[in-house]
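So the structure is just underneath, and the comments pick up after that.
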Amino acid sequence: MEEMNGELYGDGLVSLGDEGSLESNDNGKHEQDCKICDNKLCSPRVLSCLHVFCEACIDKLMVNEAGDSLKFDLAVECPICKQETKMLGGGAASLPSDYVLTNILDVSTMDQSVVCTCCKSKEPAVARCTDCSHFLCSNCNSAHEFMRCFENHRVVPFDALRSSKEKTAVHKPIFCTRHAGESLKFYCCECEVGACTECLTVDHKVGEHRCERIVDAEQNIRAELRNFIVEANTRAATAGSASAKLDDALGDLQRQRDDAESVINEAFRAYQTALERRRDKALEELERLHKERELKVMDLFDRVDKTVQRIDCACKFTARLLHCGDGTEIVMLKKTVTSQFARLLEGAPEFDVNYSVEFISKMDSFDANVNDTFGTFRTEATIAEERKRASESSAIASIPSNSHSPAVSVTNAPVFDDFPPIGVRRVTGVSGVGSMVGVPGVGVGGMGVGPVPGVGVTNTSVIPGGVNLNNVAGVGGVPPLTSMVEYNLQQLASIAEKDVPPPQHTSPAPSFTLAELLAGDLNSSQAYNNLQALAKLGLNTEVNGFGGVGGVGGVGGMGGVGPRGVSPGRPLLTPAEEAALVAPPAPLVRATKATPMHIRFKFGQLGGGKGQFNSPHGFCLGNDEDIIVADTNNHRITVFDKSGTHKFNFGNAGKEEGQLWYPRKVAVVRATGKFVVCDRGNERSRMQIFTKNGHFLKKIAVRFIDIVAGLAVTAEGLIVAVDSVTPTVFILSEEGELMSWFDCSECMREPSDIAISGKEFYVCDFKGHCVVVFDEDGRFLRRIGCENVTNFPNGIDVSDAGDVLIGDSHGNKFHVAVFSRVGVLVTEFECPYVKVSRCCGLKITSEGYIVTLAKNNHHVLVLNTLYIV
């Protein structure tokens, strides 16, 4: 590199050799293009950040929002690095010109048809003058050779310029901006600018300014600039290592944050357990104290009762003796009566009850103890303070520190003696246990969840009255209907509502088939019976003990999201909905030829190294529009920036938690940047959550999914996965709870991808050659596309404007069909420049580029459609 730089800049010349020429390598050609207009530079001007753009393009950057004036005397922001450049009153023309690049561009035009610029003959040029910078025809070349006014001019023929032996390219003379016609030959060391002869007598006077000839000052200036390059490269290397450390620090900080959160939650659970244990002991003690005092009170109560009975008996006996007895009888019984009274009066119990059971809660002390003992945070500031105190007191102590990033941990010492203290712990992953509210089974009476072949009814195409057309399985075996047949049935149902007599509820409706319904005579009783049976499908009647037919989920269909899995029937359609469904489908109007898409970036190849793939099956776009690829056979997730530069990998081969085993799909939670990855693991399917730096968080058990064909995350952070084996859409929370699901097997054959726009779910039907749209409750809304337009769709995305882009690679060419939200074909694109085999996925960037993954070609394509979303 230094040798090439020496050829390019070391001698002030531009190399034209095969290896050193800027024109002979792609990087040089790339440098000759303006990054604003993507065309070859014209009048290149240098910003203060040293980025070069066309003069006209810089002027356009300074156009104000109204577009009617230029913001001269202000600053212009570089579109690449965002550094500002102060502008003078002359606009972009006041900026320095890139003289070297201008000469390179001039030399590069030799391969084109160049005419003479020295005369008006417009003859082809054969040479270039190094002094007057003109292209010369043969006549002007002879004039330069023989005329005295051109005596010292050096003329270089085109053949010599093209020759690898000729290492110099002509350079235009640079004239003074203040003195026309005067070339710059001197350099003012104080002002650090070039000067002409006239400038030495006016602005840079001898004695006041130190001026040298440019040829004499050149070597010192070159050495100074080389020193800048060396120093800057050293600084860049230092910054690069610091950037790597900062990246590690971010990862460590995220991990420490997750660890601290885990410790805090565990400390809370431990305190909660200790409090519950302390509560139980307090209740046991309360029960013991209560029993003791209760027994004493009851014993005293018994003694008091017996004493009262004895006193009452003695009083009654004595009163009878006094009332009925004579003196002799009284004298004979006095001693006995006196002894009893003496016994009763002397042994009478104390009636003063002074028992108390009260619990004193020390909430103030408890709060203080909790604040002191629950745990504290240790950061880099507290660690430094601890070290300072330790050094001041000369105490022998070891304070842990993290070499990569500030430590964030939680220490914890619970209050209760019967509870073991919790220290700082590192938790690499928490296994989340999802709350499974249902598994595929039989839903009875609208309760529960479960697709049942031959019984389940999912709302796909509804005619007035809430009649399900496409999925009346088990009621005559109606196969999936075409849009025209659906339209005919809708018209028949309308006739039934007007002309058919009221249904007789005393007898069940006769069975019928689709062929019988369509072939029947409307004037016959059989046709009326069939129409009555058709109308009855929307009356929420129970069939074979199951729930209503007309609702979402219906008979053994989606159990729904209601309390305890109750699936209510779908309400009757509004008149607007009925009109939309009765209307016949709009025909697809195709363009004569698909618009070609140009390849903006293509990266990746077969292998296991950095930036290589082995049969990748899925990808998504990150928050910064990073391209995240599920590198299936390499058992990892690879992250690139949007231009294809490799950033990092994570994951290693294995079936344990935190490892990856043939990952197929990946998605990003927008709010947190976390990765959701679906792979095989030890089960049919496994879902794992990783941090934005690739650290494992938790596993979500999805054993009810065979193969995840599509994965997406809603704006609310819910994870949506579609199973391709038994076409079903599952909606889960990030904690692993199955929120809801719906069976779409009656509407499609093989799902291959899914996209979410607002409350609508767009599912690609690979073998059905279309996209099926559902609402968030699983109700069928419409189909988009058809065979020969969306053949074997395997990727879908919805733009911010609501356009639906469907991608397929049928015929080894990546093809994109663009539809409106209601299914009207807008345009088509195709990439004819590269043959692809089985593309997976389609995403739209904010710039309007289309990204897809060529699985069997092992690379990623970023295509420019010139289509503004």
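The values are calculated or read from the model by the stated rules, or taken from the named source; none is laboratory data. Keep in mind that this is a model prediction, so the values were computed, not measured. All Cβ positions, glycine included, derive from the backbone under ideal geometry; neighbour counts span all protein chains shown.
Candidates Thr238, Thr234: the one that is in a helix (DSSP H, G or I), more than 26 Å from Lys692 (Cα to Cα), hydroxyl-bearing (Ser, Thr, Tyr) and under 57 Å from the mean Cα position of the chain (by Cα) is Thr234. What about Arg664, is it farther than 22 Å from Asp259 by Cβ and touching a His at 6+ places or on another chain (Cβ under 9 Å)? So Arg664 passes the test.
Counting only strands (runs of 3 or more DSSP E) that fall entirely inside the range 118-199 and contain at least 1 residues that are at pLDDT 80 or above, aliphatic (A, V, I, L, M) and closer than 24 Å to Asn220 by Cβ, the qualifying elements are 193-195.
Among the residues of the range 839-858, not one is in contact with a Pro (Cβ under 9 Å, 6 or more places away or on another chain), crowded, with 21+ Cβ neighbours inside 10 Å and on the phi > 0 side of the Ramachandran plot.
For the structure I just gave you, tell me whether Lys767 is assigned by TED's automatic domain parsing to the domain that holds Val729, closer than 22 Å to Ser615 by Cα and over 27 Å from the mean Cα position of the chain (by Cα). First the steps, then the outcome.
Numbers: assigned by TED's automatic domain parsing to the domain that holds Val729: yes; closer than 22 Å to Ser615 by Cα: yes; over 27 Å from the mean Cα position of the chain (by Cα): yes.
So Lys767 fits the description; yes.
Residue-by-condition table, conditions (1) among the small types (Gly, Ala, Ser); (2) within 30 Å of Phe268 (Cβ to Cβ); (3) modelled with pLDDT of 80 or more:
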position: Cys313; (1), (2), (3): no, no, yes
position: Asp326; (1), (2), (3): no, no, yes
position: Glu329; (1), (2), (3): no, no, yes
position: Asp352; (1), (2), (3): no, no, no
position: Ala390; (1), (2), (3): yes, no, yes
position: Ser394; (1), (2), (3): yes, no, no
position: Ser403; (1), (2), (3): yes, no, no
position: Ala413; (1), (2), (3): yes, yes, no
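Selection of the range 687-730 for residues being without any contact (Cβ under 8 Å) to a residue 24 or more places away in the chain and over 15 Å from the mean Cα position of the chain (by Cα) yields Arg703, Asp706, Val725.
Within the set His209, His204, the sole residue that is closer than 22 Å to Pro96 by Cα, out of contact with any Leu (no Cβ under 6 Å at 6 or more places or on another chain) and surrounded by 14 or more Cβ atoms within 10 Å (Cβ to Cβ) turns out to be His204.
I need a count of the residues in the range 720-752 that are over 23 Å from Cys839 (Cα atoms) and hydrophobic (A, V, I, L, M, F, W, C). Break it down stepwise before answering.
Residues of the range 720-752 over 23 Å from Cys839 (Cα atoms): 730-747.
Filter once more, so that each one left must be hydrophobic (A, V, I, L, M, F, W, C): 730-732, 738-739, 741-742, 744, 747.
Qualifying residue count, the range 720-752: 9.
Within this structure, Ala217 passes the test of being in contact with a Cys (Cβ under 8 Å, 6 or more places away or on another chain), in a helix (DSSP H, G or I) and surrounded by 13 or more Cβ atoms within 10 Å (Cβ to Cβ). Note on the range 600-624: residues that are out of contact with any strand residue (DSSP E or B) (no Cβ under 9 Å at 6 or more places or on another chain) and of a type in the set (D, E, K, R) amount to 1.
For the range 319-340, the condition holds for no residue, the condition being that it is surrounded by fewer than 11 Cβ atoms within 10 Å (Cβ to Cβ) and either touching a Lys or Arg at 6+ places or on another chain (Cβ under 9 Å) or in contact (Cβ under 8 Å) with a residue 24 or more places away in the chain (or both).
Somewhere in the range 737-747, is a residue hydrophobic (A, V, I, L, M, F, W, C) and touching a Cys at 6+ places or on another chain (Cβ under 7 Å)? Checked against the condition, which is being hydrophobic (A, V, I, L, M, F, W, C) and touching a Cys at 6+ places or on another chain (Cβ under 7 Å), the range 737-747 yields no hits at all. Show the residue pairs that are 6+ apart or on different chains and have beta-carbon atoms under 8 Å apart, the first residue being within the range 796-821 and in the same structural domain as Ile850 (by TED's automatic domain parsing), the second being of a type in the set (Lys, Arg). Close Cβ pairs (under 8 Å, with a partner that is of a type in the set (Lys, Arg)) amount to Asp797/Lys843; Val798/Arg821; Gly802/Arg821; Asp803/Arg821; Val804/Arg821; Ser809/Arg838; Asn812/Lys835; Lys813/Lys835. Screening the candidates Arg277, Arg303, Arg293 for the property of being in contact with a Phe, Trp or Tyr (Cβ under 6 Å, 6 or more places away or on another chain), in a helix (DSSP H, G or I) and of a type in the set (D, E, K, R) yields one hit, Arg293. Entry remark, the range 603-638: residues being in contact (Cβ under 8 Å) with a residue 24 or more places away in the chain, closer than 19 Å to Thr672 by Cα and not hydroxyl-bearing (Ser, Thr, Tyr) number 10 in total. For the range 669-691, residues that are in a loop (DSSP other than H, G, I, E, B) and over 19 Å from Asp624 (Cα atoms) total 6.
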